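The values are calculated or read from the model by the stated rules, or taken from the named source; none is laboratory data. Just so it is clear, the structure is predicted and the values come from calculations on it, not from any experiment. Note that we place each Cβ from the backbone using ideal geometry, even for glycine, and neighbour counts take in every protein chain shown. These accessible areas exclude ligands, DNA and RNA; they are computed on the full protein's heavy atoms, side chains included. Shrake-Rupley method; radii C 1.70, N 1.55, O 1.52, S 1.80 Å.
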Amino acid sequence: MEARRVWTVLGICSAVAFAATLGLPLIGSSSISYTQAWAGVEPDHAILFEVRLPRVLLSMLTGGALALGGVLFQALLRDALATPYTLGVSAGASFGAVLAISLGMQSIWMSSMAGAAITLFIVLGVAMDRRGLSPFTLLLAGVTINSICMAGIVFLHSFATFGQSFAIARWLMGGVESVSMSTLSWLAACVLPLALFCFSTARDWNLIAVGDEWAAARGVNTGRTLMAGYIIGSILTGAVTALTGPIGFVGLIVPHAIRLGFGADHRLLAPASFLIGAVFLAVCDTIARVALAPAEVPVGVITSLVGGPVFIWILRTR
């Protein structure tokens with residue numbers, strides 16, 4: 001793909017993401033003004049900087065991380081149906097969160113992160129051998145650990161009280177809520193450097209997507225690249241899942257939509273998926289909070305209801 005076309009498409013995607021960042025916080029049950037918010041006039045200031053803007057930024061970081069995780073796992077496993085949740089890290093994060101709710105712990109996100117980290121190391125330990133990391137063994141190990149974690153979630157849920165059961169069900173549906181700027185800061189510090197690293201190694205992923213032997217013959221350290229891809233994708237998935245719960249469909253639909261529209265070159269696919277995934281989830285979350293206001297629809301429902309028909313239309317037209 002020509003470099004000029006890559007930069008043109010990325011420029012358009014960046015402009016769309018920037019417009020979404022500025023425009024989506026203005027949408028809600030009550031109208032606000034940037035001028036009054038910046039001047040400190042209430043309630044505009046509190047609504048913008050304490051409620052809507054943090055929520056939009058969280059949804060954009062989450063959507064971008066999940067879409068990029070989908071790109072990595074689809075290339076790593078060479079499986080068109082791979083998602084950020086295929087290799088068990090999300091299930092481990094969910095098990096950690098459910099365990100925290102069942103024990104009455106306050107720091108659910110910390111327990112969720114711990115569950116994701118433990119799952120990451122278990123899957124790596126099972127999939128590694130003297131020859132390195134095998135994508136096939138990694139897939140089998142991830143699916144197996146995923147099943148074990150889901151069984152643990154069902155077990156804990158069956159012994160939960162009514163209040164705990166409601167909290168568990170609500171968390172497992174996934175949702176974006178307003179968080180503090182400090183939380184957003186550490187999440188951005190985790191997600192953005194990893195995303196930039198993936199963008200810089202796009203050539204290697206183009207070769208890995210074809211095959212390990214093909215990549216190795218062209219100078220790619222396949223073992224190190226596969227290891228880095230799994231760890232980075234798992235960290236991205238675990239970090240956002242700890243804050244939002246599992247949100248499906250983003251890591252599957254966005255990479256495929258970009259491929260259908262612009263091809264499979266990872267120099268464009270990875271950053272474009274990150275940007276469009278961010279916009280997609282932010283738009284879906286905006287719909288989720290205003291469609292039935294003051295009640296909210298779980299954003300995972302919106303991603304499926306909105307994204308599914310759009311993706312089918314793309315498949316048919318492309």
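Is at least one residue of region 225-234 touching a Lys or Arg at 6+ places or on another chain (Cβ under 9 Å) and either more than 25 Å from LEU58 (Cβ to Cβ) or among the basic types (Lys, Arg) (or both)? Looking through region 225-234, none of the residues is touching a Lys or Arg at 6+ places or on another chain (Cβ under 9 Å) and either more than 25 Å from LEU58 (Cβ to Cβ) or among the basic types (Lys, Arg) (or both).
Yes/no per residue for (1) hydroxyl-bearing (Ser, Thr, Tyr); (2) modelled with pLDDT under 85; (3) over 22 Å from the mean Cα position of the chain (by Cα):
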site: PHE121; (1), (2), (3): no, no, no
site: MET128; (1), (2), (3): no, yes, yes
site: SER134; (1), (2), (3): yes, yes, yes
site: GLY152; (1), (2), (3): no, no, yes
site: PHE155; (1), (2), (3): no, no, yes
site: SER158; (1), (2), (3): yes, no, yes
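For region 207-224: of the residues being open to solvent by 20 Å² or more (accessible area, probe 1.4 Å) and under 27 Å from the mean Cα position of the chain (by Cα), which is modelled with the lowest pLDDT? Applying the filter and picking the extreme gives ASP212.
Of the residues LEU184, LEU192, the single one that is in a helix (DSSP H, G or I), surrounded by fewer than 17 Cβ atoms within 10 Å (Cβ to Cβ) and within 18 Å of the chain's Cα centre (by Cα) is LEU192. Inside region 38-79, residues that are touching a residue at least 12 places away in the same chain (Cβ under 8 Å) and open to solvent by 60 Å² or more (accessible area, probe 1.4 Å) make up a count of 4. Applying the condition of being modelled with pLDDT under 90 and touching a helix residue (DSSP H, G or I) at 6+ places or on another chain (Cβ under 9 Å) to region 268-291 and asking which residue is farthest from SER14 (Cα to Cα) yields ALA291. Of everything in region 264-287 that is open to solvent by 30 Å² or more (accessible area, probe 1.4 Å) and either in contact (Cβ under 8 Å) with a residue 60 or more places away in the chain or not in a helix (DSSP H, G or I) (or both), the residue that is nearest to LEU77 (Cα to Cα) is ALA264.
When restricted to residues that are surrounded by 13 or more Cβ atoms within 10 Å (Cβ to Cβ), touching a residue at least 12 places away in the same chain (Cβ under 8 Å) and either touching a His at 6+ places or on another chain (Cβ under 9 Å) or not in a helix (DSSP H, G or I) (or both), region 22-37 contains 4. In this structure, SER304 does satisfy being hydroxyl-bearing (Ser, Thr, Tyr), surrounded by fewer than 24 Cβ atoms within 10 Å (Cβ to Cβ) and more than 20 Å from GLY88 (Cα to Cα). Residues in region 92-113 that are farther than 15 Å from ILE145 by Cβ and of a type outside the set (S, T, N, Q): ALA97, VAL98, LEU99, ALA100, ILE101, LEU103, GLY104, MET105, ILE108, TRP109, MET110, MET113.
For PRO246, the conditions (1) assigned to a helix (DSSP H, G or I); (2) modelled with pLDDT of 85 or more are fulfilled apart from (1).
Quick check on region 225-235. Is at least one of its residues outside any helix (DSSP H, G or I), open to solvent by less than 30 Å² (accessible area, probe 1.4 Å), within 26 Å of VAL143 (Cβ to Cβ) and among the aliphatic types (A, V, I, L, M)? Looking for residues that are outside any helix (DSSP H, G or I), open to solvent by less than 30 Å² (accessible area, probe 1.4 Å), within 26 Å of VAL143 (Cβ to Cβ) and among the aliphatic types (A, V, I, L, M), one finds none in region 225-235, hence no.
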